[in-house]
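Contents: one structure, followed by commentary.
The values are calculated or read from the model by the stated rules, or taken from the named source; none is laboratory data. Treat the numbers as computed from the prediction; the structure is a model and nothing was measured. Heads up, the Cβs are rebuilt from the backbone with ideal geometry, glycines too, and the neighbour counts pull from every protein chain shown. Just so you know, the surface numbers come from the protein's heavy atoms only, side chains and all, with ligands and any DNA or RNA stripped out. Shrake-Rupley method; radii C 1.70, N 1.55, O 1.52, S 1.80 Å.
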Amino acid sequence: MPVYKAEAIVLRQQALGEADRIVTLFTREYGKLRAAAKGIRRPASRLAGRLEPFTHARLLLARGRTLDVIAQAEIVEAFAGVRADLIRSAYAAYVAELVDRGLADRDPHQEVFALTLDVLETLGRSREDDADIAVLHFALRLAGCLGYQPETAMCVECGRRLPRVRGAAEAWAFSPARGGALCPACRREDAEAVPVPPGLLATFDHLIRTPGPESSRLRMTPVQRGDLARLVQLHLEHRWEARLRAPLVIKRLREPLESPGTGDLTATAK
Ligand SMILES: [Zn+2]
């Protein structure tokens, strides 16, 4: 059987038969692929513990008829800090879900690979309340890499720019279907568009244009972060024609702690 090496991030696992697992990998060299980890659920397996979700590993794979088979795995970074914490691992699972949804099979994407390692690294050392901004940033970078960055500096229909006055009370909206902002005159073009204050759209735009999550944190309240996360989620769900599962898990985990978002966006956005 021909073998090949790959550097991979484990996105998820599922059980296969008695002792095996199917592992969804995001490899640097070949993009996303699914491979079998045979015997991994047996305690004596040399793969056991080396292919946990979010692990960064160097692998040796053997080509198989249907699925390739993971022959060896060596951990580069286990991201133990991510897995040790329920909320961090929920955010990491969101990252994995975004990558899994966003990338086609066997379509390599170096930039997304680097971004994914970066965000896992950040999650591993972030305080809990910084996890949301790191993942929000990641989701926007991912959308940009895949060619569907939302347009938030101007109306996507008529090109009118956001009002410069901070706190302007104009009735702007965000349209997941149009991939960006709609001005008060154009928002009727999409009945599903979510009402968003121009100030929040400006913050959204700032976030898109900011290179790292650190510098964005200071400008946003937790409520704004929650609202923006919701808009980005709607934008991606529309693109992928799929509901994302991880945000719901995160919401349930965080609910006892705080209530991110005003709830206004959620109510109008179904
Ligand atoms: Zn317009």
Test set (1) outside any helix (DSSP H, G or I); (2) touching a residue at least 60 places away in the same chain (Cβ under 8 Å); (3) under 30 Å from Gly147 (Cβ atoms) - Gly64 fails condition number: (3)
Residues that are within 16 Å of the ligand (Cβ to nearest atom) and either over 22 Å from Lys32 (Cβ atoms) or crowded, with 19+ Cβ neighbours inside 10 Å (or both): does the stretch 134-151 have at least one? yes
Could you tell me how many of the residues in the stretch 169-188 are within 16 Å of the ligand (Cβ to nearest atom) and in contact with a Leu (Cβ under 8 Å, 6 or more places away or on another chain)? 5
Among the residues of the stretch 97-123, the number that are under 18 Å from Ala6 (Cα atoms) and either among the β-branched types (Val, Ile, Thr) or part of a loop (DSSP other than H, G, I, E, B) (or both) is 9
Of the conditions (1) open to solvent by 30 Å² or more (accessible area, probe 1.4 Å); (2) not assigned by TED's automatic domain parsing to the domain that holds Ile250, Asp129 fails just one. Which one is it? (2)
Identify, by number, the condition in (1) modelled with pLDDT of 95 or more; (2) more than 16 Å from the ligand (Cβ to nearest atom); (3) over 30 Å from Phe113 (Cβ atoms) that Arg166 doesn't meet. (1)
Which residues, taken from the stretch 147-196, are of a type in the set (A, V, I, L, M, F, W, C), touching a residue at least 60 places away in the same chain (Cβ under 8 Å) and in a loop (DSSP other than H, G, I, E, B)? Ala177, Val196
Among (1) surrounded by fewer than 21 Cβ atoms within 10 Å (Cβ to Cβ); (2) touching a helix residue (DSSP H, G or I) at 6+ places or on another chain (Cβ under 8 Å); (3) at pLDDT 80 or above; (4) hydroxyl-bearing (Ser, Thr, Tyr), there is one condition Thr262 misses while meeting the rest; what is its number? (3)
Restricting to the stretch 49-61, give me the number of residues that are open to solvent by less than 40 Å² (accessible area, probe 1.4 Å) and not in a strand (DSSP E or B). 4
Checked the stretch 1-37 for anything at pLDDT below 95, within 15 Å of Asp68 (Cα to Cα) and assigned to a loop (DSSP other than H, G, I, E, B); matches are Met1, Pro2
